[in-house]
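Engineer: One structure, pasted below without further comment.
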Amino acid sequence: MRRISAADLEEAVRQLTVEASVDLPADVEAALRDALRAEEHRLGKYALEQIVENLEVARRERLPVCQDTGYFNVFLEFGPDVLLPEKAQEAVDRGVAAATREAFLRASVVSDPLLRRRNTGTNIPAQLHLEQTGEEGALRLTVMPKGGGSENAGMLRMLLPTAPPGEVVEQVVEHVLAKAPSACPPVVVGVGLGGSADTCVLAAKRALLRPVGTPCPYPGYGSLESEMLEAINRSGIGAAGMGGAHTALAVHLIPLPTHIANLPLAVAISCHALRRRAAGL
Amino acid sequence: MNEKERTARIDLPRGLEELRSLEAGTPLLITGTVFTARDQAHLRMVRALEEGGGLPFELRDCVIYYAGPTPAPPGKPAGSLGPTTSSRMDPFTPALLKRGVAAVIGKGPRSLEVRRSFLQCGAVYLVAVGGAAALLGSRVRSMEMVAYPDLGAEAVYRLFIEDFPVVMAYDLRGGDIYADGGDV
């Protein structure tokens, strides 16, 4: 058995939260720089120049990449013999709250959705997702802050189980084209397909964790991802919705087993500031 | 023509007339005073107008920026400060434009009704690059909370911005960068 202490978990979350907030991951930055080099549209290029310059300013000045420092998704993947601290959620929350103070992050979380909407002041509670893996002794921690504007662009539809692949492509593309202009393009599109209404939405969000530019790990689905990406980028919406060939950087799909009566389809959209940091513990 | 040659520089409030004459798709650099307001501040301002309450700033000829800043780190006038999605303010915008707001800075397209309201009221819609918040925050010279302190990041702040990059999105001749993809 490998025991993880609450203090170690808290400290890891604090560090990853700070770094994720001020410094974009290398895969996302490379995709944005490639887009800037390739973009020919006058205003699309103008937007990409500012997006790339912003990454440099944020890193140099240790400022949040975006003023919407987000709602914190924390993914904990633990091996079969790894014992998490009894109060893992509390340890994770202390890490997020400490990072919020240290890195001057905006307090963007309210404790009640409708009747009070009182700001918690510390960005807690974090959204903690636990998953057991087969790897002995391993604990992997990923922090992904996600802004509210792109979160508003999320979608869940329950398709007929007889829907052909073309309909899945069409529904995703139609949805992304409607939402992308307000979701800070170039976006990264996460797609969940299958599972149930709840797990499908989480798969769409988890799809954003796959490094941009890596091939689809699910046989047969890579061509669907390419088809969606090409259709989205033919729209001309472009960076910041100002025009051009870069409305999306990537489409990542995760297929799940599902019920014979179901074909859930979920979309999670990340803005171009796709912030995430992962570490083994 | 390259981007630097066609960029207009606007000093507020002196440059308001020039601002109103610019075409959709024109990049500009704004210097002057603007007020932040987002979802909850809009709700309160429109309620105040309906109920005859006081407003946090003079609406005539003002510029509203849809934004909620991160806290300013020590030694800096502001933290990161980019635009938030404008369409969430659509239900409140016509009431404010009717009171003489000169311009609004945000991001993304608006409803047809709001689009018409900008034209009818003689106001222009400017957009900044969403997510370029550290860069945009570095163009803020001063930041002061002026109303609704209980809203935190959603309070109203008076900003003095310098060479703040935006693009004319809806001009006063019906031009719209989202409708035609801009002047390619």
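Engineer: Exactly one condition in (1) surrounded by 20 or more Cβ atoms within 10 Å (Cβ to Cβ); (2) more than 30 Å from A:Val172 (Cα to Cα) is false for A:Val109; which is it?
Structural biologist: Among (1) surrounded by 20 or more Cβ atoms within 10 Å (Cβ to Cβ); (2) more than 30 Å from A:Val172 (Cα to Cα), A:Val109 violates only (2).
Engineer: Among the residues of the stretch A:1-45, what is the count of those that are open to solvent by less than 20 Å² (accessible area, probe 1.4 Å) and among the hydroxyl-bearing types (Ser, Thr, Tyr)?
Structural biologist: Total meeting the criteria: 2.
Engineer: Is there a residue in the stretch B:140-159 that is open to solvent by 20 Å² or more (accessible area, probe 1.4 Å), under 15 Å from the mean Cα position of the chain (by Cα) and farther than 17 Å from B:Arg38 by Cβ?
Structural biologist: no
Engineer: Hey, can you tell me all the residues within the stretch A:56-81 that are open to solvent by 10 Å² or more (accessible area, probe 1.4 Å) and either among the small types (Gly, Ala, Ser) or over 30 Å from B:Gly130 (Cα atoms) (or both)?
Structural biologist: A:Glu77, A:Phe78, A:Pro80, A:Asp81
Engineer: A further question follows. Got a sec? Which of A:Leu84, A:Leu55 is modelled with pLDDT of 95 or more and in contact with a strand residue (DSSP E or B) (Cβ under 9 Å, 6 or more places away or on another chain)? Write out each step before concluding.
Structural biologist: Details: A:Leu55 fails: in contact with a strand residue (DSSP E or B) (Cβ under 9 Å, 6 or more places away or on another chain).
Criteria check complete, one pass: A:Leu84.
Engineer: Go through the stretch B:24-83 and give me each residue that's among the small types (Gly, Ala, Ser), in contact (Cβ under 8 Å) with a residue 60 or more places away in the chain and within 14 Å of another protein chain (Cβ to nearest Cβ). Before the answer, list the steps.
Structural biologist: Applying the first criterion (among the small types (Gly, Ala, Ser)) to the stretch B:24-83 yields B:24-25, B:32, B:37, B:41, B:48, B:52-54, B:67-68, B:72, B:75, B:78-80, B:82.
Adding the requirement that they be in contact (Cβ under 8 Å) with a residue 60 or more places away in the chain leaves B:24-25, B:32, B:37, B:41, B:68, B:72, B:78.
Residues satisfying the conditions are B:Ala24, B:Gly25, B:Ala41, B:Gly68, B:Ala72, B:Ala78.
Engineer: In this structure, is A:Leu128 touching a helix residue (DSSP H, G or I) at 6+ places or on another chain (Cβ under 8 Å) and at pLDDT 95 or above? So that I can check it myself, show each step before the final result.
Structural biologist: Details: touching a helix residue (DSSP H, G or I) at 6+ places or on another chain (Cβ under 8 Å): yes; at pLDDT 95 or above: yes.
Criteria met by A:Leu128.
Engineer: If you take the residues in the stretch B:160-174 that are part of a strand (DSSP E or B) and open to solvent by less than 30 Å² (accessible area, probe 1.4 Å), which one is farthest from B:Thr31 (Cα to Cα)? Full working, then the answer.
Structural biologist: Going through the stretch B:160-174, the residues part of a strand (DSSP E or B) turn out to be B:160-170.
Subsequent filtering for residues that are open to solvent by less than 30 Å² (accessible area, probe 1.4 Å) retains B:161, B:164-170.
Numbers: B:Ile161: 5, B:Phe164: 6, B:Pro165: 9, B:Val166: 11, B:Val167: 14, B:Met168: 15, B:Ala169: 18, B:Tyr170: 20 Å.
Within the stretch B:160-174, the match that is farthest from B:Thr31 (Cα to Cα) is B:Tyr170.
Rundown of residues vs (1) in contact with a strand residue (DSSP E or B) (Cβ under 9 Å, 6 or more places away or on another chain); (2) at pLDDT below 95, yes/no style:
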{"residue": "A:Arg94", "(1), (2)": "no, no"}
{"residue": "A:Val109", "(1), (2)": "yes, no"}
{"residue": "A:Arg118", "(1), (2)": "yes, yes"}
{"residue": "A:Thr122", "(1), (2)": "no, no"}
{"residue": "A:Pro145", "(1), (2)": "yes, no"}
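Engineer: Can you give me the number of residues within the stretch A:89-109 that are out of contact with any helix residue (DSSP H, G or I) (no Cβ under 9 Å at 6 or more places or on another chain) and within 10 Å of another protein chain (Cβ to nearest Cβ)?
Structural biologist: Qualifying residue count for the region: 2.
Engineer: Identify the single condition in (1) crowded, with 18+ Cβ neighbours inside 10 Å; (2) within 11 Å of another protein chain (Cβ to nearest Cβ); (3) of a type outside the set (Phe, Trp, Tyr); (4) over 17 Å from B:Pro83 (Cα atoms) that B:Ala132 does not satisfy, given that it satisfies every other one.
Structural biologist: (4)
Engineer: Quick check on the stretch A:240-256. Is at least one of its residues hydroxyl-bearing (Ser, Thr, Tyr) and closer than 29 Å to B:Val129 by Cα? Before the answer, list the steps.
Structural biologist: At the first step, the residues of the stretch A:240-256 found to be hydroxyl-bearing (Ser, Thr, Tyr) are A:247.
In the following step, the residues that additionally are closer than 29 Å to B:Val129 by Cα were identified as A:247.
Yes, some residue in the stretch A:240-256 is hydroxyl-bearing (Ser, Thr, Tyr) and closer than 29 Å to B:Val129 by Cα.
Engineer: Step by step: first the residues of the stretch A:118-160, then only those that are open to solvent by 60 Å² or more (accessible area, probe 1.4 Å) and aliphatic (A, V, I, L, M), then the one that is farthest from A:Asp68 (Cα to Cα). Which residue is that?
Structural biologist: Among residues in the stretch A:118-160 that are open to solvent by 60 Å² or more (accessible area, probe 1.4 Å) and aliphatic (A, V, I, L, M), the one farthest from A:Asp68 (Cα to Cα) is A:Leu160.
Engineer: Does any residue in the stretch A:229-244 that is in contact (Cβ under 8 Å) with a residue 60 or more places away in the chain come within less than 8 Å, Cβ to Cβ, of a residue that is part of a helix (DSSP H, G or I) and of a type in the set (Ser, Thr, Tyr) six or more places away or on a different chain, and which pairs are these?
Structural biologist: Final answer for the pair search is A:Gly241/A:Ser182; A:Gly241/B:Tyr178; A:Met242/A:Tyr46.
Engineer: Residues being within 11 Å of chain B (Cβ to nearest Cβ) and small (Gly, Ala, Ser): count how many of those fall in the stretch A:110-128.
Structural biologist: 1
The values are calculated or read from the model by the stated rules, or taken from the named source; none is laboratory data. If you're wondering where the values come from, they're calculated on a predicted model, not measured in any experiment. We place every Cβ from the backbone using ideal geometry, glycine too, and count neighbours over all the protein chains shown. Accessible surface is based on the protein model in full, side chains and every heavy atom, while ligands, DNA and RNA are left aside. Shrake-Rupley method; radii C 1.70, N 1.55, O 1.52, S 1.80 Å.
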